[in-house]
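Each remark here refers to the structure printed beneath this line.
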Amino acid sequence: GNSVTQMEGPVTLSEEAFLTINCTYTATGYPSLFWYVQYPGEGLQLLLKATKADDKGSNKGFEATYRKETTSFHLEKGSVQVSDSAVYFCALGPSDYKLSFGAGTTVTVRA
Amino acid sequence: DAGVTQSPTHLIKTRGQHVTLRCSPISGHKSVSWYQQVLGQGPQFIFQYYEKEERGRGNFPDRFSARQFPNYSSELNVNALLLGDSALYLCASSPLGGGSTDTQYFGPGTRLTVL
């Protein structure tokens, strides 16, 4: 079945540092890939998505490219801010109507 | 435009009780999905409903049930609550019926605590 393996955290960075969170997947067919972000005490917000190989999703300075050859969808941001502190989830699907999520990576950005 | 709304925000129940959680999808979305997120983990799929029919079910016991109404809102019901049911319950709506390019948009969740 479909599954996602996400870089373990927590990750602690200083403001303006470069952020990368690794995500690899196992899937049959051609799923879409997503990054969701969860701020403390809140639900999930869609950060970006890519629906086919070589697509690049981008939003709020974050980017991720759907790499079929390496089955990866790594999240990157060139210069993080304190407001980027959150939990980030990689997800793939829908398959059988569901999204499959990684375990989440907690990112803390210090001023 | 209003996003996905869920009620209540927080809920405290005791073991053995029953709970009903509610969700209203984004206007125009006909599909609603439910997920359970235990602290420190990623969300786990419970159900998906499209046009009032159950399209998908995750690996959850029969104590969990759901339905979708003609206005596309949905309820998640959990009977005979266990301590392990304590979690954030997330509702997501999507415009399509769950195809590979469908995008799910999540609500703020209902935090259920079972004592």
If we ask which residues in segment B:24-34 are open to solvent by 40 Å² or more (accessible area, probe 1.4 Å) and either farther than 23 Å from B:Arg57 by Cβ or within 13 Å of the chain's Cα centre (by Cα) (or both), their number turns out to be 3
Checked segment A:7-18 for anything within 14 Å of the chain's Cα centre (by Cα), away from every other protein chain (no Cβ under 12 Å) and not in a strand (DSSP E or B); matches are A:Met7
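Within the group B:Leu39, B:Leu21, which residue is surrounded by fewer than 17 Cβ atoms within 10 Å (Cβ to Cβ) and either under 26 Å from A:Val37 (Cβ atoms) or aromatic (Phe, Trp, Tyr) (or both)? Before you say what the answer is, go through the steps one by one.
Working: B:Leu21 fails: surrounded by fewer than 17 Cβ atoms within 10 Å (Cβ to Cβ).
Unique residue meeting the criteria: B:Leu39.
Does any residue of segment B:94-105 turn out to be at pLDDT 95 or above and either assigned to a strand (DSSP E or B) or not basic (Lys, Arg) (or both)? First the steps, then the outcome.
First, the residues of segment B:94-105 that are at pLDDT 95 or above: none.
Within segment B:94-105, none of the residues are at pLDDT 95 or above and either assigned to a strand (DSSP E or B) or not basic (Lys, Arg) (or both).
Return the residue satisfying two criteria in turn: it lies in segment A:19-43 and is under 23 Å from A:Ala86 (Cα atoms) and facing chain B (nearest Cβ under 9 Å), and of such residues it is farthest from the chain's Cα centre (by Cα). Step through it out loud before you land on a result.
Step one: of segment A:19-43, the residues under 23 Å from A:Ala86 (Cα atoms) are A:19-25, A:32-43.
Going one step further and asking which of them are facing chain B (nearest Cβ under 9 Å), we end up with A:32, A:34, A:36, A:38, A:41-43.
Working: A:Ser32: 12, A:Phe34: 6, A:Tyr36: 6, A:Gln38: 11, A:Gly41: 19, A:Glu42: 17, A:Gly43: 15 Å.
Among residues in segment A:19-43 that are under 23 Å from A:Ala86 (Cα atoms) and facing chain B (nearest Cβ under 9 Å), the one farthest from the chain's Cα centre (by Cα) is A:Gly41.
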For segment B:4-45, name all the residues that are at the interface with chain A (Cβ under 9 Å from one of its Cβ atoms) and either among the aliphatic types (A, V, I, L, M) or assigned to a loop (DSSP other than H, G, I, E, B) (or both).
B:Val4, B:Gly40, B:Gln41, B:Gly42, B:Pro43
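Go through segment A:32-49 and give me each residue that's crowded, with 19+ Cβ neighbours inside 10 Å and part of a loop (DSSP other than H, G, I, E, B).
Filtering segment A:32-49 for residues crowded, with 19+ Cβ neighbours inside 10 Å gives A:32-38, A:43-44, A:47-49.
Hit for segment A:32-49 is A:Gly43, nothing else.
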Can you pull out every residue in segment B:46-70 that is open to solvent by less than 40 Å² (accessible area, probe 1.4 Å), in a strand (DSSP E or B) and of a type in the set (Gly, Ala, Ser)?
B:Gly56, B:Ala66
I'm trying to understand the selection: among the residues of segment A:63-111, which are assigned to a strand (DSSP E or B), touching a Gly at 6+ places or on another chain (Cβ under 6 Å) and within 14 Å of chain B (Cβ to nearest Cβ)?
A:Val87, A:Phe89, A:Cys90, A:Pro94, A:Lys98, A:Leu99, A:Ser100, A:Phe101, A:Thr105, A:Thr106
Look through A:Lys56, A:Lys52 and report the one residue that is at pLDDT below 95 and either more than 10 Å from the chain's Cα centre (by Cα) or open to solvent by less than 40 Å² (accessible area, probe 1.4 Å) (or both).
A:Lys52
Of all residues in segment A:36-55, which are of a type in the set (Phe, Trp, Tyr) and more than 18 Å from B:Gln44 (Cβ to Cβ)?
A:Tyr39
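The values are calculated or read from the model by the stated rules, or taken from the named source; none is laboratory data. In this text the structure is predicted, and so the values were computed from the model without any measurement. Neighbour counts run over all protein chains shown; Cβ positions are idealised from the backbone, glycine included. To get the accessible areas, we keep the full protein, side chains included, count just its heavy atoms, and leave off ligands, DNA and RNA. Shrake-Rupley method; radii C 1.70, N 1.55, O 1.52, S 1.80 Å.
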